[in-house]
Amino acid sequence: MAKAQTKDHEIVSIYPFTDEETDQMMTHSSECVLMWATKDGWPVGVTHAFVWHDGKIWLTFSNHRHRAAAIRRDSRVSVNVSSAGYPKGAPEGLPTGAITFKGTGEFLDDDETKEWFYRALAKKVSPDSKEGEEAFYSLLSSPLRTILAVTPVKRIMYNGGLAERHMAGTVDEKELGERLSGDRERMNAERAKRGLPPR
């Protein structure tokens with residue numbers, strides 16, 4: 001077992017999710033925040049319902065939204081998903097914490113993609129009501145709407161359950177992730193500026 005962490009609470013990169021935990025969070029969380037940069041460099045984010053499919057994050061909005069033009073100009077985006085987005089009645093034991101995905105966005109407007117995605121999103125939004133599913137599906141079917149598929153290139157993860165168990169000293173050392181540069185070089189450089197010893 002790993003020694004309980006009591007003083008190094010600034011070190012958080014050692015708490016990743018497994019691929020299975022990532023799939024669980026992405027499948028069950030009901031919303032994400034899509035982030036992009038405006039023409040003048042401002043970061044902006046909007047909350048969306050989404051579908052996790054084939055390792056990509058799928059969401060939709062109207063073509064006339066500013067985000068559509070911005071992402072077509074620069075396809076680099078980020079998407080944040082957290083366990084706070086689990087709906088009422090979600091299964092117990094799901095992973096807690098958050099993931100930010102850095103990725104690239106691709107727009108799709110073909111009928112085949114619209115059909116499967118709109119149906120999948122409608123079922124996710126209204127899992128217990130066929131009537132609600134059909135109502136949402138009909139709302140999605142608009143000629144102004146487009147679909148954005150985000151392909152992740154990097155994950156920034158914080159596994160809250162793993163961190164909690166580490167604090168309690170009940171984690172196997174093999175479960176911890178690699179200490180990334182932010183918690184090695186950058187943190188110790190900041191500590192040195194403040195006259196603090198390295199960790």
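Look at the range 176-187: where a residue is surrounded by 15 or more Cβ atoms within 10 Å (Cβ to Cβ) and a partner is at pLDDT below 85, sitting 6+ places away or on another chain with Cβ atoms under 6 Å, you get ASP183/ILE11.
Scanning the range 121-144 for residues that are within 23 Å of ASP109 (Cβ to Cβ) and in contact with a Phe, Trp or Tyr (Cβ under 7 Å, 6 or more places away or on another chain) yields ALA122, VAL125, TYR137, LEU140, SER141.
Checking the conditions here, which among ARG186, ARG191, ARG165, ARG155 is at pLDDT 85 or above, basic (Lys, Arg) and over 25 Å from SER82 (Cβ atoms)?
Values: ARG186 fails: over 25 Å from SER82 (Cβ atoms); ARG165 fails: over 25 Å from SER82 (Cβ atoms); ARG155 fails: over 25 Å from SER82 (Cβ atoms).
On inspection, the qualifying residue turns out to be ARG191.
Could you list, in sequence order, the residues of the range 14-73 that are of a type in the set (S, T, N, Q) and touching a residue at least 24 places away in the same chain (Cβ under 8 Å)?
Applying the first criterion (of a type in the set (S, T, N, Q)) to the range 14-73 yields 18, 22, 24, 27, 29-30, 38, 47, 60, 62-63.
Listed by number, the residues that qualify are THR22, GLN24, THR27, SER29, SER30, THR38, THR60, SER62, ASN63.
Evaluation of THR170 against the conditions (1) surrounded by fewer than 17 Cβ atoms within 10 Å (Cβ to Cβ); (2) assigned to a strand (DSSP E or B); (3) of a type in the set (S, T, N, Q) shows that the sole unmet condition is (2). When LYS124 is tested against (1) under 30 Å from SER75 (Cα atoms); (2) exposed (fewer than 11 other Cβ atoms within 10 Å of the Cβ), just one condition goes unmet, and that condition is (2). When the range 135-156 is limited to residues that are part of a helix (DSSP H, G or I) and surrounded by 13 or more Cβ atoms within 10 Å (Cβ to Cβ), the one that is farthest from the chain's Cα centre (by Cα) turns out to be ALA135.
This table checks each residue for (1) more than 12 Å from the chain's Cα centre (by Cα); (2) more than 26 Å from ARG186 (Cβ to Cβ); (3) surrounded by fewer than 18 Cβ atoms within 10 Å (Cβ to Cβ).
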residue	(1), (2), (3)
ASP40	yes, yes, yes
GLY45	yes, no, yes
PHE50	no, yes, no
THR60	yes, yes, no
HIS64	yes, yes, yes
ARG76	yes, no, yes
THR104	yes, no, yes
LEU108	yes, yes, yes
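The values are calculated or read from the model by the stated rules, or taken from the named source; none is laboratory data. Here the structure is a predicted model, which means the values were calculated and not measured. Here the Cβ is made from the backbone with ideal geometry for all residues, glycine too, and neighbour counts use every protein chain on show.
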